[in-house]
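Peer 1: Let me begin by handing over the structure; questions about it come next.
The values are calculated or read from the model by the stated rules, or taken from the named source; none is laboratory data. Source: prediction; values computed, not measured. Cβ placement follows ideal geometry from the backbone for every residue including glycine, while neighbour counts extend to all protein chains displayed. Accessible surface is based on the protein model in full, side chains and every heavy atom, while ligands, DNA and RNA are left aside. Shrake-Rupley method; radii C 1.70, N 1.55, O 1.52, S 1.80 Å.
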Amino acid sequence: MTIKQPASREHFLQKPGFSTRAIHAGQEPEPATGAVNVPIYASSTYVQEEIGKHKGYEYSRVSNPTRDRLEANLAALEGGISAKVFASGMAAINAVASMLNAGDHIVAGHNLYGGTPRLFNQVLANFGLTFTYVDTSDVAAVERSIQKNTRLVFLETPTNPLMELCDLRAISELSHCHGAEVVVDNTFMSPYFQRPIEFGANMVIHSTTKFLNGHSDGLGGVVVCTKPEQAEKLAFLQKAAGAILSPFECWLILRGVKTLAVRMLQHDSNGRKVANYLASHKKVQKVFYPGLPSHPQHELAKRQMSGFGSMIAFETGSLANANAMLRKVRVCSLAESLGGVETLISHPATMTHAALGEEGRRRIGITDGMVRLSVGIEDVDDILADLDQALAAI
Ligand SMILES: Cc1ncc(COP(=O)(O)O)c(C=O)c1O
């Protein structure tokens with residue numbers, strides 16, 4: 001009688017689910033010692049046996065084993081063929097733009113994280129790239145703004161902080177018809193709730209600083225791509241421009257990503273409760289959250305996202321009202337950033353979107369009374385009680 005061999009680890013990993021990929025993709029036990037966690041390879045250089053003969057690593061700006069493992073993991077989560085990580089989300093966006101040439105045109109959402117138009121207008125425009133900003137929740141407006149030299153359509157969905165959505169499938173289809181590629185900043189949703197490549201996007205970027213890391217303890221950025229030539233160009237940019245992510249930061253993200261699914265589920269559950277609470281509060285004039293049936297694109301949200309997440313903006317009516325409540329919060333921390341386990345509350349007009357200027361903010365509807373929440377995974381009753389006492393100050 002032959003004893004049936006247990007199925008190999010490879011067998012189980014042929015069609016793994018999201019959490020299995022988050023925990024195992026790129027994170028195979030380390031062969032030399034069996035360590036179940038990817039080691040931090042703190043080495044700038046690697047010994048070579050003879051000229052040109054080495055184990056695949058020469059110098060850590062070019063490649064590093066901890067970084068390779070993180071890149072394999074993030075590519076598996078977004079469904080891309082490859083991923084390249086950079087020193088921050090902005091460095092990742094800069095790398096994508098650096099794939100273009102002077103004279104190329106980018107169509108970009110009019111409501112992006114404030115640092116993105118700052119990079120585009122104040123840095124990259126000096127090198128001959130041109131930009132048109134458009135309301136990307138309006139598919140026809142996106143098509144109208146495409147020119148002969150448009151190479152990229154750059155989207156955020158939901159947008160920061162107005163929570164407008166872009167129809168990923170429709171925009172990908174029309175952009176491809178015009179020969180342009182679609183890049184999506186998926187930072188707000190994480191690959192757990194939204195995978196733009198499945199809707200036709202060509203590249204996805206994240207500020208890994210946010211939900212992917214999840215613990216507000218390290219900056220980073222990633223570009224996930226769908227074609228070998230994109231991966232080659234991005235690897236070249238890592239080597240040539242050098243804005244790479246350190247092995248320690250890579251390790252932090254690898255550790256954070258293992259709990260992405262459970263964290264996102266709790267973020268989403270808390271986010272829905274907080275949004276409902278705010279929507280029924282007398283002093284809150286408007287709530288921006290795609291999970292509310294009152295959100296104008298609630299149906300699209302249900303089609304292209306599998307959860308609504310925990311990013312919420314709301315209108316307090318004035319700068320004085322916003323400040324009165326922000327001074328009072330105790331469980332929520334008044335701080336820039338988002339996506340950590342702790343609830344962060346911020347004021348877009350003076351923080352994330354200060355660089356847009358008053359006129360730029362007015363044009364797209366970011367008011368001085370707007371407050372943004374990144375709802376964390378604390379006990380939701382404590383978050384609600386904190387918001388309740390803070391809103392009483394208005
Ligand atoms: C949506 C979005 N994209 C990109 C960035 C830039 O990322 P980083 O701060 O890691 O450079 C941010 C930062 O807040 C962001 O919110």
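Peer 1: Take the conditions within 16 Å of the ligand (Cβ to nearest atom) and of a type in the set (Phe, Trp, Tyr) and apply them to PHE127. Does it pass? Give the steps one after another, and end with the answer.
Peer 2: Numbers: within 16 Å of the ligand (Cβ to nearest atom): no; of a type in the set (Phe, Trp, Tyr): yes.
Criteria not met by PHE127.
Peer 1: Is it the case that LEU384 is open to solvent by 20 Å² or more (accessible area, probe 1.4 Å), more than 16 Å from HIS281 (Cβ to Cβ) and touching a residue at least 12 places away in the same chain (Cβ under 8 Å)?
Peer 2: Details: open to solvent by 20 Å² or more (accessible area, probe 1.4 Å): yes; more than 16 Å from HIS281 (Cβ to Cβ): no; touching a residue at least 12 places away in the same chain (Cβ under 8 Å): yes.
No.
Peer 1: Another question about this same structure. Where residues in segment 314-339 are surrounded by 23 or more Cβ atoms within 10 Å (Cβ to Cβ) and under 30 Å from ARG169 (Cα atoms), which of them is nearest to the ligand (Cβ to nearest atom)?
Peer 2: The selected residue is LEU338.
Peer 1: Answer yes if at least one residue in segment 134-154 is touching a Phe, Trp or Tyr at 6+ places or on another chain (Cβ under 8 Å) and either farther than 19 Å from SER207 by Cα or surrounded by 20 or more Cβ atoms within 10 Å (Cβ to Cβ) (or both), and no otherwise.
Peer 2: We begin by selecting, within segment 134-154, every residue touching a Phe, Trp or Tyr at 6+ places or on another chain (Cβ under 8 Å); these are none.
No, segment 134-154 has no match at all.
Peer 1: I'm told GLU299 meets every condition in (1) under 24 Å from ASN186 (Cα atoms); (2) in a helix (DSSP H, G or I); (3) in contact (Cβ under 8 Å) with a residue 24 or more places away in the chain except one. Can you identify the failing condition by its number?
Peer 2: The one condition GLU299 does not meet is (3).
Peer 1: Which count do you get for residues in segment 80-114 that are away from the ligand (no atom under 11 Å from the Cβ), more than 20 Å from SER175 (Cα to Cα), open to solvent by 10 Å² or more (accessible area, probe 1.4 Å) and within 17 Å of the chain's Cα centre (by Cα)?
Peer 2: 2
Peer 1: Can you find a residue that is within 28 Å of ASP135 (Cβ to Cβ) and assigned to a helix (DSSP H, G or I) anywhere in segment 280-295?
Peer 2: Checked segment 280-295: no residue is within 28 Å of ASP135 (Cβ to Cβ) and assigned to a helix (DSSP H, G or I).
Peer 1: Within segment 187-211, which residues are within 21 Å of ILE244 (Cβ to Cβ) and either near the ligand (Cβ under 10 Å from one of its atoms) or open to solvent by 20 Å² or more (accessible area, probe 1.4 Å) (or both)? Walk me through it before giving the result.
Peer 2: Pass one, segment 187-211, residues within 21 Å of ILE244 (Cβ to Cβ): 187, 203-210.
Residues satisfying the conditions are THR187, ILE205, HIS206, SER207, THR208, THR209, LYS210.
Peer 1: Which pairs have Cβ atoms under 8 Å, sit 6 or more apart or on different chains, and link a residue in segment 325-346 that is under 22 Å from ARG263 (Cβ atoms) to one that is open to solvent by 30 Å² or more (accessible area, probe 1.4 Å) and in a helix (DSSP H, G or I)?
Peer 2: Pairs found: VAL331/ASP382; VAL331/ALA385.
Peer 1: Identify, please: which residue in segment 213-223 is near the ligand (Cβ under 10 Å from one of its atoms) and part of a loop (DSSP other than H, G, I, E, B) and is, among those, most open to solvent (accessible area, probe 1.4 Å)?
Peer 2: Here the answer is LEU219.
Peer 1: Filter segment 16-42 down to residues that are charged (D, E, K, R) and in a loop (DSSP other than H, G, I, E, B) and give me whichever is least open to solvent (accessible area, probe 1.4 Å).
Peer 2: For segment 16-42, the residue satisfying everything is GLU30.
Peer 1: Right, something else. Give the residue that is surrounded by the fewest Cβ atoms within 10 Å (Cβ to Cβ), with candidates limited to residues of segment 167-186 that are assigned to a loop (DSSP other than H, G, I, E, B) and in contact with a helix residue (DSSP H, G or I) (Cβ under 8 Å, 6 or more places away or on another chain). Before you say what the answer is, go through the steps one by one.
Peer 2: Initial filter on segment 167-186 (assigned to a loop (DSSP other than H, G, I, E, B)): 167, 178-180, 186.
Filter once more, keeping what is in contact with a helix residue (DSSP H, G or I) (Cβ under 8 Å, 6 or more places away or on another chain): 167, 178, 186.
Details: ASP167: 21, HIS178: 14, ASN186: 27.
Here the residue is HIS178.
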